[in-house]
Amino acid sequence: MSRGAAPIESALERVLGRKGEEVITAVRRVPARAARFADWPAGLPETLVAAYRARGIERPFVHQALAWEHVAAGRHAVTVTPTASGKTLCYNVPVLARCLADPSTRALYLFPTKALAQDQVAELQEVIDRLGAPIKTWTYDGDTPDDARRAIRAQGNIVVTNPDMLHQGILPHHTKWAKLFQNLRYVVIDELHTYRGVFGSHVANVVRRLKRICRFHGSDPVFVCSSATIANPAELASRLVEEPVALVDDNGAPSGEKVLVFLNPPVINRELGIRRSYLTTARSIAAEFLKREVPTIVFATSRLNVEVLSKYLKEEFERRPHDAGMIRGYRGGYLPNTRREIEQGLRRGDILGVVTTNALELGIDIGALGACVLAGYPGTVASTWQQAGRAGRRAGVSAAVFVAKSEPLDQFMVTHPEYFFSKPPEAGLVNPDNLLIRVAHVKCAAFELPIRDGERFGGDDLPEILKYLQEERILHPADGRWHWNQEVYPADTVSLRSVANENFVIMDQTRQNQVLAEVDYASAPATVYEDAIYLCESEIYHVKRLDYAQRRAYVARVDADYYTDAITGTAVKVLEVDGAAEVAGGASAEGEGGADLPSPRPSPAAAGEGEGARAEGKGGAHIPPPRPSPAAAGEGEGAGADGDVAGATAPVAVAEHGDVHVAWRVSGFKKIKFATRENVGFGTVNLPDQEMQTTACWWILRAGALAGLPWTRAEVLDGVVGIAYAMQHIAPLLLMCDVRDLERCVGDRGATWFAKADRESRGRYAFAAADGQPAGLTLETLPRFEPTLFLYDNYPGGIGLSPELFARRDLLLAATRAAVAACGCAEGCPSCVGPVVEMGLSAKAAALAILERLVGAVASPPRVETAS
């Protein structure tokens, strides 16, 4: 197969020449970069140098040599260089050198996924085989057999695992791992940039427990980290390790030329602002590379889209029997053996195209790919560069094409490419002292070793946490130590990544209930409800039965021309207010960056400073909420689309932030036709509520915001729902987070009603009374109409986004107004307030009228407009 630069340039020429089809908003050529080498350190064993030279590595790159220098001096270090720059050698070489010099040496490697761990072990073992040394390297994860586990504990020089297994399988049983912890010299943390948010906050506490166990066994390991490019790698590493970490970011690795293209699907209905499907466009772009036999990776933003896109491409490129397997999908939920088979096929070159979620964003070796298509903005600048970096290695031309969705954030990025190319990648933020997370790991630490009086584990409020756990009869104090006082195993009840540990298993009834795949607990209600279409490796299955109690879904293969998309409803209840402010109208972005969006300050909670994500996080003291606002207390004049005009001095809204309870359920589903993506039907779903406690920022719209508007309450509600849609997509630009880190809900401050999409209104958002409200309560019979717009952290306990959002509330309102006003559609579209079919014909006009009252005239609005 001809897979050189000429086919890539030919495909690019076709993509860039699609006149009148798509709008090319940016073409950037990143020039090739020459290698910069250093010498092998003088102290390295000759056998080790010879082993790497035999693999074609004659000299190390400058960043590799600098990392070795830090590690040799006993300094913690983090290496931050692009994909395929040889970061692996930054930790493998010093570890192997120490093992050769002292056979009792032990090292612990932490990778965020099992797949990445197994991939790295294969490369490490190849070097060890060339050395001919008795260095034992093992993978230790949930798939490791019991007999192998005993051998690993006794003999393993290098134990390769993941944070979850360290948390649940190693630290609680540290006495069985005495040989490892007594001789532990290095801890390697790869893909450091993935340890952010809730997951990173959990891992920081796991590292606290690890260091505590090491001190008990008499070791003090050096931490060697590696990361993709983020804004604060040294700070993030220091937050995880809680010690100074040296930064290595002088990249010496070569790279070939890369062409980045930003592409916007054309508007096909200007009045409704409807663009051609980004999936259809991404499919055609990928096809240009694939038909020229350019190995291509396509990144989709959801598992469903992975299946839809791979199905489309299979139909186009696997028409002959011998073409089977040329196109594959790859995502979480596939069985481990299936994922390994796909990875090997990519390395061997048997697979020409792969469609994936961000599961392949990490550094798994998937061979040399020539092109990358991003079907939708990945959510962050850092992830965009990481995904684009999966195509192209150290020589030759490669291409990356970003195809924008119709959502506001995608449209902002594609119409303002200078913002993307001028902004640094996002910071990795963690909050190890989040009260819920920290208390969970204090329990785990006490189970592993009694906690001594005066011992530190995070903040200064540990004594208060210990007293609380004593009151709950979880810990028992004796002789200056706090002992575990329960029969349960605490680590087994704490998941580092999600609310629940249990996955749902997919059973294929057409193959005698053979296990087909898995779905994580959080995704199952919206994926495998009864009558759903479940897609796996482009095959279509119908969900016959969901056994919720046993965590099993039974499916059968069918021939269908549609797939399903869940409709969810959410209700939010305020638990505690941490701050409140009146919105008098006339908010402006001036003074915070002028015409450009400002660089965000790290959130105090996310950065681990100040109060944290919860009021109790500061010193363990309970901080009382401020006096309830008039809107919250039900004082003052009535408000509504048909209410009286508020006094001149009355606020048009009240903004608050604090703790909330969120409940959501899947209430129905839409049937979407494959070929045309049109909605061809609806269905009903009956499943239990999903619940969590988190933090939120919310706006209570008062009479001044709604009085005198020429619409019914239902139409005003459409406008408020449209504002929420736009705000959720604009907020990540201010916070530099992923759009999926925030969720939205519209209801009322007292949790008596909320807006949800339902079958009766064919997907339209409509009024729904909360459980327990009087029968017959409708939007028009509400005694008080004060819609409340919630934006909440989409993680239990919160991750510090909501307090920062509250601090930037005026800028967010101004940015949202500017984006909606600048959109060229007539009545609303996915690029501003949402699709008309979901939001209603009056949504955009009502949203703009309300935003005008909240914001007022802005002389220099922030440049977040979304052009159609």
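Any idea of Cys536's accessible area? Nearest 10 Å², probe 1.4 Å.
Accessible area of Cys536: about 10 Å².
By the scheme Lys and Arg +1, Asp and Glu -1, what is the net charge of all other residues having a beta-carbon under 9 Å from that of Ser10? It would help to have the intermediate numbers written out before the result.
Values: positive: Arg14, Arg292; negative: Glu9, Glu13, Glu288.
Local net charge: -1.
Heavy atoms only, 1.4 Å probe, whole protein assembly: order Leu742, Leu44, Leu100 by accessible area, highest first.
Final ranking, largest accessible area leading: Leu100, Leu44, Leu742.
What number comes out for the charge environment of Asn485, summing +1 per Lys or Arg and -1 per Asp or Glu over other residues with Cβ under 11 Å away?
Net local charge, Asn485 excluded: 0.
Could you pull the accessible area for Thr25 with a 1.4 Å probe, rounded to 10 Å²?
Only protein atoms counted, so the area is about 50 Å².
How much accessible area per residue does segment 741-829 have, in Å², with a 1.4 Å probe? Before the final figure, lay out the partial values.
On the way: 3150 Å² over 89 residues.
Solvent-accessible surface per residue comes out at 35 Å².
For a test of the definition: using alpha carbon positions, the gyration tensor, and the 1.5 limit on a/c, classify segment 754-846 as rounded, prolate or oblate.
oblate
Under 19 Å between alpha carbons, and skipping anything fewer than 8 positions from Lys258 in its own chain: which lysines qualify?
List returned: Lys423.
Rolling a 1.4 Å sphere over the protein heavy atoms, what is the accessible area per residue of segment 341-451, to the nearest Å²?
25
Using 0.36 nm times the number of residues separating Ala478 and Ala42, minus their current alpha carbon distance, what extension gain do you get?
Details: separation 436, 0.36 × 436 = 156.96 nm, distance 5.33 nm.
Taking Ala478 through Ala42 to full extension adds about 151.6 nm, to one decimal.
Among the lysines, select those whose C-alpha is under 20 Å from the C-alpha of Lys467, and discard any that sit fewer than 8 residues away in the same chain.
Lys443, Lys618
What ranking, highest mean first, results for peptides 154-166, 674-686 when packing means the other Cβ atoms within 10 Å averaged over each residue? All intermediate terms of the calculation are to be shown ahead of the outcome.
Details: 154-166: 21.2, 674-686: 13.5.
The densest-packed peptide leads the list: 154-166, 674-686.
Leaving ligands, DNA and RNA out of it, work out the accessible area of Trp711 with a 1.4 Å probe and give it in Å² to the nearest 10.
We get 60 Å² for Trp711.
Pop the C-beta distance of Asp531 and Asp350 into the FRET formula with R0 = 35 Å and round what comes out to the nearest 0.05.
Given R0 = 35 Å and the Cβ-Cβ separation, E is 0.45.
Quote the charge dipole size of segment 115-223 about the Cα centre in Debye, to the nearest 20; the model charges only the Cβ of Lys and Arg (+1) and of Asp and Glu (-1).
Using only the charged Cβ atoms, the result is roughly 740 debye.
Using the C-alpha gyration tensor of the chain, what are the square roots of 5 times its eigenvalues, in whole angstrom, with the largest one first?
44, 35, 27
Can you give the FRET efficiency for Leu782 and Tyr521, using 1/(1 + (r/R0)^6), R0 = 35 Å, r = Cβ-Cβ distance, to the nearest 0.05?
Taking R0 as 35 Å, the efficiency between Leu782 and Tyr521 is 0.45.
For the charge dipole of the chain, defined by +1 on Lys and Arg C-beta atoms and -1 on Asp and Glu C-beta atoms about the Cα centroid, which residue among Gly458, Asn358, Gly683 has the Cα displaced farthest towards the positive pole?
Asn358
Positive end of the dipole of the chain, charges at C-beta (+1 Lys, Arg; -1 Asp, Glu), about the Cα centre: which of Leu435, Leu171, Tyr52 has its Cα farthest in that direction?
Ranked along the dipole, the leading option is Tyr52.
With θ set to phi - 60°, apply the Karplus curve 6.51 cos²θ - 1.76 cosθ + 1.60 along segment 742-750 and write out the HN-Hα couplings as whole Hz, x wherever there is a Gly or Pro.
10, 10, 10, 7, 10, x, 9, 4, x
With θ set to phi - 60°, apply the Karplus curve 6.51 cos²θ - 1.76 cosθ + 1.60 along segment 503-508 and write out the HN-Hα couplings as whole Hz, x wherever there is a Gly or Pro.
Running phi through 6.51 cos²θ - 1.76 cosθ + 1.60 with θ = phi - 60° gives 8, 8, 9, 9, 9, 8 Hz.
Given a 1.4 Å probe and every protein chain left where it sits, what share in percent of the accessible area of the chain is carbon and sulfur?
Heavy-atom surface of the chain belonging to carbon and sulfur, 1.4 Å probe: 49 percent.
Compute the separation of the alpha-carbon centres of segment 97-167 and segment 368-415 and state it in Å as a whole number.
Spelled out, the Cα-based centre of one part sits 34 Å from the other.
Could you point to the residue in His70, Val207, Val188 farthest towards the positive end of segment 46-248's charge dipole, with +1 and -1 charges on the Cβ of Lys/Arg and Asp/Glu respectively?
Value computed over the given set: Val207.
Are there cysteines in the chain with no other Cys C-beta under 4.7 Å, and if so, which?
Lone cysteines by the Cβ rule: Cys90, Cys99, Cys214, Cys225, Cys372, Cys444, Cys536, Cys697, Cys737, Cys745.
Kindly provide the helix-only [θ] at 222 nm of the chain, computed as the sum of -39,500 (n - 2.57) over DSSP H runs of four or more divided by all residues, to the nearest 500 deg cm²/dmol?
-9500 deg cm²/dmol, from helical runs alone.
Working out 0.36 nm times the residue gap between Ala178 and Thr493, then minus their Cα-Cα distance, what length gain in nm do you get to one decimal?
Once the chain is fully extended between Ala178 and Thr493, it gains 111.0 nm.
Kindly rank 473-480, 526-533 from highest to lowest mean number of other beta carbons found within 10 Å of each residue.
Top of the packing list down: 526-533, 473-480.
Anything in the chain that counts as a DSSP H helix reaching 24 Å or more along its axis (C-alpha) with Kyte-Doolittle mean of at least 0.0? List them, would you? Spell out each step's value before the answer.
On the way: long enough: 114-131 (26 Å, -0.18); 197-217 (30 Å, 0.08); 713-735 (32 Å, 1.04).
Once both thresholds are applied, what remains is 197-217, 713-735.
Near Ala50, within a Cβ-to-Cβ distance under 12 Å, what is the net charge of the other residues, with Lys and Arg +1 and Asp and Glu -1? Walk me through the numbers on the way to the answer.
Working: positive: Arg53, Arg55, Arg130; negative: Glu46, Glu58.
Neighbour charge sum, excluding Ala50 itself: +1.
If you count the DSSP beta bridges with both ends in the chain, what percent of them are antiparallel, to the nearest 5? Each step should come with its number before you reach the end.
Working: 87 of 139 bridges.
In the chain, approximately 65 percent of DSSP beta bridges are antiparallel ones.
At 7 Å along the Cα-to-beta-carbon direction for both Glu315 and Glu678, put a label point, then send me their distance in nm to one decimal.
The two pseudo-label positions are separated by 1.5 nm.
How many nm separate the modelled label positions at Glu341 and Asp771, each set 7 Å beyond the Cα in the direction of the Cβ?
Taking the two extended label points, one gets 4.3 nm.
With a 10 Å radius around each residue's Cβ, average the other Cβ atoms per peptide and rank 659-672, 127-140, highest first.
Packing order, densest peptide first, comes out as 659-672, 127-140.
Treat each spin label as a single point 7 Å out from the Cα along the C-beta direction, and report the Tyr548 to Arg740 distance in nm.
Between Tyr548 and Arg740, the simple spin-label model gives 2.4 nm.
Order Val267, Val820 by their accessible area, 1.4 angstrom probe, all chains in place, largest first.
In descending accessible area the options line up as Val267, Val820.
The values are calculated or read from the model by the stated rules, or taken from the named source; none is laboratory data. For clarity, every value in this text was computed on a predicted model and none was experimentally measured. FYI the Cβ positions are ideal-geometry reconstructions off the backbone, even for glycines, and counts take in every protein chain you see. All accessible areas refer to the heavy atoms of the entire protein, side chains included, with ligands and DNA or RNA removed. Shrake-Rupley method; radii C 1.70, N 1.55, O 1.52, S 1.80 Å.
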